Each structure stands twice: as structure tokens, then as C-alpha cells.
Amino acid sequence: MSTSAPACSIPLPESTIPEAELIARATAARAALGDRLVILGHHYQKHEVIGFADITGDSFLLARRGAEATQADLVVFLGVYFMAEAADILSQPHQRVILPDLGAGCHLAECADIFTVNDAWQQITAQFTDRIIVPLTYMNSGADLKAFVGRNGGAVCTSGNAERAFRWAREQGDMVFFFPDEHLGRNTACRLGMQPDAPVVWDPRKPELGGITADALAASEIVLWKGFCNVHTGFTVRQIDDARAAHPGLTVIVHPECPRPVVEAADEDGSTEYIIRRLDELPPGSAVAIGTDWNLVDRLRIQHPDKTVFCLNEHLCPCVTMNRITLPKLTWILESLAAGEVPNVVKVDDDMARDARLALDRMLAL
Ligand code: SF4
């Protein structure tokens, strides 16, 4: 069963309500809930809601911190669907995880589903009965894919620990099968000393062996899924060249979900936590172009007035699903919770959660 984000129709406060009134209502509802509630906010969330977060971070950190907030039985996740699922998988039995908009999916996570991944797995394992294939899934994937990986001896990884996870997987077997982000997979393989074209790419739309020849598959140690983030593939080498021409001495930092040529042209690449840390470390007066979602870049610009901070792609379309979490929806959720209703609960099936947790625990043990 797929755990893709379902479409939903939710009652919202009138959009004509002034922002100041929404803030006051959300603040009052949040105060009424006290310690019963913890609000988790991903770095890519809009300014209008991130201020309500008790904890900000990347998806895995937030899921863990939500589970650690044992005084809270209500966990509101300001993020996208797979993140709320992960928070539910790690949650305490008495906690319920709530996503203010159940339609907030993730383009990258939706690039792989359990049916096509399972079909690919059957084809690959049938091809190499004498080899151990280790599945790895990126955090940005459905709970059903994390469970699949858990059942088949693999692990989850984040953009911050992908290199360690790939090393571990290569020690466990003969071939790594990574999904759903081709670009993170290729950038990680390069960090391990491989050539960019060494991994083969499995295209789920191709009928046989994902469009890979049997010889190429046999010669490869890493199979990548043909999936991508539509935000991070919006950055180009041309943008880097233009930014460097306009800002001598510029430092360019991009996320490893960007295509390989962009990562090669940048000065540094790393997870959202890495990017935030580097902005703290760089000296006053630095000019920094960042290749990641606009909401985070704009916040870093505001937080570092002593530096010139800007988004590498000034015409970037922000992550539309992250931006589905708005102040009116958060206000509606908080007022519903304060009134004793618990809408938009994200609940992963118990068996699926158990298997997914295996994969998450293997990541934690790395
Ligand atoms: S920025 Fe990309 S990976 Fe992150 S939630 Fe949006 S679509 Fe998914």
C-alpha cells in the first residue's frame, strides 16, 4: 500500500482574516495547549509559520526531537507528509502527529513508490542470485519504502550522513540500490572516490532492467533511482558563473540534491544543517550564494545582516508543497486542537512502522 500524501479538503479560517488577527488567534490557541503540544518546523517552512515552531531543524532531527518531547501528546509538524510519517514512526505510543495540510507531499519522495521499487528489486535480485544487494533509501521517501528497506537489510540516510550510509552499505554487500534521489546518490558516490558516471541509473518508466543493459548493471556497484527534487534541480552552473562575476570572492554553497555539475562548480555542498552552520562560521563581509529552498535562504539573509546572502537562482520557484503550510491552516489546526478535536492525524500502519524503524535504527547505529 502506498503512503503517498492523500488529497484532502480542509476547512480553513476565512482568508480575509487579517494576518494580525490570525497570529493572535494562533498564539492564544497555542498557549491554551501548553505542554500538551510540541510544534516542529522544518527549515524550508514559510516565515509566517516558522515562528510558531518550538524546535526547528531537518526532518530526521525533528522526528527525534518530537519523540523526545514526552510531555506532549500532540505533535504538529510544519513540513511535508513523509516527515510527519517519520515523526509518527519514532513517536511515543501516546503521541499523535498532525500535519496542517495533508496535501503537503514532496516531489522527490513521490518519484519512487513501493510498486515500482519492488519490481526493480525483483529484477535486480533475480539477475544476481550470487550477490548481496543492499537497499538504501533517502529520508525523503514514503514510510512503505522505509519499511521495504528495513525488511531487506538496508537503512535510511539523510543528506548529512549519506556518505557514511553508502560506506556501510558497501561493506554489507556487493551492490547498493539507492532511491529516490539520483543526484544525492551520484554526489555521494563521487565523495567516495567514484567517477560521476560510475553508478547506473534505474529509470522506472523503462520496461526492462530500468533501461540499463545487463552488462552495465553487472559492472556497477551502485544503482541509482531516476528521481529528483524539482527545487534543487532548479540551480545551474550558469547561475554560479553569473553570481561569481557579479560578486568577486563569492562563496557558493549548494545542497547535494543539486545535479553533479552544479555541486562541482560550487565551493561547498552540504545538508541544510551544514549550510546554516557555514553561514555562522563565515566572517563578516562575506558574500554567499546558496543553492537551496528560498525560505531558508531568505531567513539566513535576515539573520546575517553583516554578510551578503542570496539565493543562487533569483527566479527559483520555492517548494510549493512546503509552502502549503500557511498561517490560516496552522491557526485552524491549533484552534481545533484547543477545542478538543484532532484533525489531520498522520498514522503509519503498525507493521509498516516496525519495519521502517528497523531501517531508521540501522542509520542511527552507523
Ligand atoms: S524541497 Fe524538494 S526534497 Fe524538499 S520537500 Fe520540497 S520537493 Fe521535497
Open item on the list: List pairs: first residue in segment 88-117 and touching a residue at least 12 places away in the same chain (Cβ under 8 Å) and not assigned by TED's automatic domain parsing to the domain that holds ILE325, second residue of a type in the set (Asp, Glu) and more than 16 Å from the ligand (Cβ to nearest atom) anywhere in the structure, Cβ distance under 6 angstrom, at least six positions apart or on different chains.
Closed with: ILE114/ASP144
Task: Conditions (1) crowded, with 21+ Cβ neighbours inside 10 Å; (2) within 16 Å of the ligand (Cβ to nearest atom); number of the one not met by GLY57 - done: (1)
Open item on the list: Give all pairs with beta carbons closer than 9 Å in which a residue from segment 212-241 that is without any contact (Cβ under 8 Å) to a residue 60 or more places away in the chain meets a residue that is within 16 Å of the ligand (Cβ to nearest atom) and of a type in the set (S, T, N, Q); count only pairs at least 6 apart in sequence or on separate chains.
Closed with: ILE222/THR188
Open item on the list: What pairs come out if I take residues in segment 320-341 that are within 16 Å of the ligand (Cβ to nearest atom) and pair them with residues that are assigned to a helix (DSSP H, G or I) whose C-beta lies under 9 Å away, six or more apart or interchain?
Closed with: THR321/TYR81; MET322/ASN295; ASN323/ASN295; ILE325/VAL49; THR326/GLU48; THR326/VAL49
Open item on the list: Anything in segment 288-314 that is closer than 20 Å to PRO256 by Cα and outside any helix (DSSP H, G or I)? List them, or say none.
Closed with: VAL288, ALA289, ILE290, GLY291, THR292, ASP293, VAL309, PHE310, CYS311, LEU312, ASN313, GLU314
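Identify the residue in segment 20-48 that is of a type in the set (D, E, K, R) and within 29 Å of THR292 (Cα to Cα) and, among all such residues, is nearest to the ligand (Cβ to nearest atom).
Filtering segment 20-48 down to residues of a type in the set (D, E, K, R) leaves 21, 25, 30, 35-36, 46, 48.
Then drop every residue that is not within 29 Å of THR292 (Cα to Cα), which leaves 46, 48.
Numbers: LYS46: 13, GLU48: 18 Å.
Only one residue tops the list, namely LYS46.
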TODO: Please find, among THR188, THR213, the residue that is among the hydroxyl-bearing types (Ser, Thr, Tyr), within 16 Å of the ligand (Cβ to nearest atom) and not assigned by TED's automatic domain parsing to the domain that holds THR292.
DONE: THR188
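The values are calculated or read from the model by the stated rules, or taken from the named source; none is laboratory data. Model, not experiment: these values are computed from the prediction. Every residue, glycine as well, gets a Cβ built from its backbone with ideal geometry; the counts of neighbours run over all protein chains shown.
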